[in-house]
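Presented below is the structure to which this report refers.
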Amino acid sequence: MLGFELMLFSAIFASLSALFFFFATKKLKFAEFGEIALYLSLSFCFASMLLLLHDLITDNFSIYYVYAYSQREMSFEYKLSALWAGKEGSLLLWNFANLLVASIFVNSGKKDLQKAKALAIFMAISSFLLILSLFSNPFQVLDFNPSNGVGMNPLLRTPEMIIHPPLVFFGYALVVCIYAGHLAGIEQRKTVRIAWAFLSAGIVLGGWWAYRTLGWGGFWGWDPVENASLLPWLALTAYMHTNKGRELFAYLAMIFVAFTAFITRSGILSSVHSFGEDPIGWIYLFLLLACALPLLRKWEIKDNCYTSLLFGAMIVVVMLGTIANLFRNVDRSYYLITFTPIFFATALMALYKLKASRRKLIHIGVLLLFIGANSVWFFEQKETVVLSPEGRSDKISFYLQNVSSYRTPEKTIIKAEILSSLGEIEPEMHIYPQSTISKVYIISNPFIDYYFAMNRVSQSFVELEFYRVPLISLVWLGSILLILGLISGRIGLGSKK
């Protein structure tokens, strides 16, 4: 298949690029060949992505990946997001992100021996992931040609799916760049800011997506994959509050990226966000162990050490809770008992520094995020209300006015129209061939969200899940202020070595 051949050439040229950049650490003239090989690798990888997208758009169901993640009835934007909905496609996206970031990195600043060393490391990691793609081939051909596909998981058929994975994978690619740079003695302050912003935006968008999707545990459910994705962000945050010894957190960020890939792709831990069991996923352990080798040296952390200590403590708490899932189920209470006090100390420090600091947006964001998150975690209320046609919940009256249904090419939609003292409520159920999804209806104000989802429904009967979610708006506002505060450049990363 042409797609597999394109991936194979991309892997070959990435490996050659790594070798040429390694030779360039001895004789710099080899760097030119390494750069050419890098561009060729990027071109072949991009071509393979375009080919897979073409197969998705043209409904080429003889390709297993297209059969598994697309169907004729899906709109263009969902066929586009299907490109990275599966483990094969998402790895292809990650490879493209790595190669694109490496291409930008090679053209920024001086082309010297340090950069050659950094690119040798960067391309070695990229080559490893590209070779893995050959064993996780999205272009595998079926023995028959189906008339239609199974289609993407209905939970993923949302606008967030178009944006969230690219944000995360480009954030991971930037972490690889930071890691390789530090091993070569290059600090990249702007790259750290950009990586942090990408990961932050990915986490916030993922939280918003989960909040609006019943069964994903709210904006943050302490799921193992969610926890793993938080770890690189915590490491980069600690990095930005450390001067001497900050490279430790650059290395940890890369280790946690490899750890996230292992958790998500091996199926070792049960998660609504993982791809299920896959023997190839265990190979990411080699990447994790290789990236951990720099930790064998001695470390000395100085400057702003209290803040670094707080984020370091968060890393330990989240890491231990995630790994403990191998032996027993770690529920939300563990994180509320262990993580919340550290979060509280961080909020107090942000409050203490607020007056004197130039980083006002960031510290205000931390405070709002702390207040909002803890209000949700500790004071959210849930009830089940049965309407047939009337129901009542703590002085709130509900009246079932109508239940209607209609079909679209890909699903059947059942819609309830409910009158209440809060206003009109219109939750829906979307019935796909694969599963049934509750489409939530939210009534928001600055202090509380009223959150409704149907569990069961008939022409004259509705079972309604009803949540009161206090101060959730502060979670979104605080997160946005954090990102804006960093992008505005109002945070110092210490002196350059």
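The values are calculated or read from the model by the stated rules, or taken from the named source; none is laboratory data. Given the structure is predicted, the values throughout are model-derived calculations rather than measurements. Cβ coordinates were reconstructed from backbone atoms using ideal geometry, including for glycine residues, and neighbour counts include every protein chain displayed.
Give the residues of region 56-99 that are surrounded by fewer than 21 Cβ atoms within 10 Å (Cβ to Cβ) and acidic (Asp, Glu), sorted by residue number.
Asp59, Glu73, Glu77
Just need a number here: residues in region 441-473 that are in a loop (DSSP other than H, G, I, E, B) and surrounded by fewer than 16 Cβ atoms within 10 Å (Cβ to Cβ).
Summing the residues that are in a loop (DSSP other than H, G, I, E, B) and surrounded by fewer than 16 Cβ atoms within 10 Å (Cβ to Cβ) in region 441-473 gives 5.
Out of (1) out of contact with any Phe, Trp or Tyr (no Cβ under 7 Å at 6 or more places or on another chain); (2) at pLDDT 90 or above; (3) surrounded by fewer than 20 Cβ atoms within 10 Å (Cβ to Cβ); (4) within 30 Å of Ser75 (Cα to Cα), the odd one out for Met429 is which?
All conditions are met except number (3).
Of Tyr406, Tyr451, Tyr432, which residue is touching a helix residue (DSSP H, G or I) at 6+ places or on another chain (Cβ under 7 Å) and on the phi < 0 side of the Ramachandran plot?
Tyr432
The rows are residues; the columns are (1) charged (D, E, K, R); (2) more than 24 Å from Ala290 (Cβ to Cβ); (3) outside any helix (DSSP H, G or I); (4) touching a residue at least 60 places away in the same chain (Cβ under 8 Å).
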{"site": "Ser81", "(1), (2), (3), (4)": "no, yes, no, yes"}
{"site": "Gly89", "(1), (2), (3), (4)": "no, yes, no, no"}
{"site": "Ser103", "(1), (2), (3), (4)": "no, no, no, yes"}
{"site": "Phe128", "(1), (2), (3), (4)": "no, no, no, yes"}
{"site": "Pro138", "(1), (2), (3), (4)": "no, yes, yes, yes"}
{"site": "Asn145", "(1), (2), (3), (4)": "no, yes, yes, yes"}
{"site": "Gly149", "(1), (2), (3), (4)": "no, yes, yes, yes"}
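(1) under 17 Å from Met49 (Cα atoms); (2) of a type outside the set (Lys, Arg); (3) modelled with pLDDT under 95: which one isn't true of Leu80, the others all being true?
(3) is the only condition that Leu80 fails.
Only one residue in Ile186, Ile194, Ile178 is farther than 30 Å from Glu410 by Cβ, out of contact with any Phe, Trp or Tyr (no Cβ under 7 Å at 6 or more places or on another chain) and without any contact (Cβ under 8 Å) to a residue 40 or more places away in the chain. Which one?
On inspection, the qualifying residue turns out to be Ile194.
Condition check ((1) in contact with a Leu (Cβ under 9 Å, 6 or more places away or on another chain); (2) in the same structural domain as Thr158 (by TED's automatic domain parsing); (3) more than 18 Å from Pro389 (Cβ to Cβ)) across all residues:
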| residue | (1), (2), (3) |
| --- | --- |
| Gln401 | yes, no, no |
| Ile414 | no, no, no |
| Ser420 | no, no, no |
| Ile425 | yes, no, no |
| Ile442 | no, no, yes |
| Phe447 | yes, no, yes |
| Leu486 | yes, no, yes |
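Run down Ser438, Ser479 and say which single residue is in a strand (DSSP E or B), of a type in the set (S, T, N, Q), buried (at least 18 other Cβ atoms within 10 Å of the Cβ) and touching a residue at least 60 places away in the same chain (Cβ under 8 Å).
That would be Ser438, the only listed residue that is in a strand (DSSP E or B), of a type in the set (S, T, N, Q), buried (at least 18 other Cβ atoms within 10 Å of the Cβ) and touching a residue at least 60 places away in the same chain (Cβ under 8 Å).
Scan (1) under 23 Å from Leu482 (Cβ atoms); (2) surrounded by 19 or more Cβ atoms within 10 Å (Cβ to Cβ); (3) modelled with pLDDT of 90 or more; (4) not aliphatic (A, V, I, L, M) for the single condition Gln188 breaks and write down its number.
For Gln188, the failing item is (3).
Go through region 151-192 residue by residue and tally those that are out of contact with any helix residue (DSSP H, G or I) (no Cβ under 8 Å at 6 or more places or on another chain) and assigned to a loop (DSSP other than H, G, I, E, B).
Adding up the residues that qualify gives 1.
Whether any residue in region 434-446 is in contact with a Ser or Thr (Cβ under 6 Å, 6 or more places away or on another chain) and of a type outside the set (Gly, Ala, Ser) is what I want to check.
yes
Going by what's in this entry, would Ser420 be described as touching a residue at least 24 places away in the same chain (Cβ under 8 Å) and surrounded by fewer than 18 Cβ atoms within 10 Å (Cβ to Cβ)?
For Ser420, the condition - touching a residue at least 24 places away in the same chain (Cβ under 8 Å) and surrounded by fewer than 18 Cβ atoms within 10 Å (Cβ to Cβ) - is not met.
Could you list, in sequence order, all residues of region 446-461 that are modelled with pLDDT of 85 or more and within 12 Å of Ser404 (Cα to Cα)?
Result: Val457, single match.
Tell me which residues, restricted to region 1-43, are under 31 Å from the mean Cα position of the chain (by Cα), surrounded by fewer than 22 Cβ atoms within 10 Å (Cβ to Cβ), of a type outside the set (A, V, I, L, M) and under 24 Å from Ala116 (Cα atoms).
Phe9, Ser15, Glu35, Tyr39, Ser43
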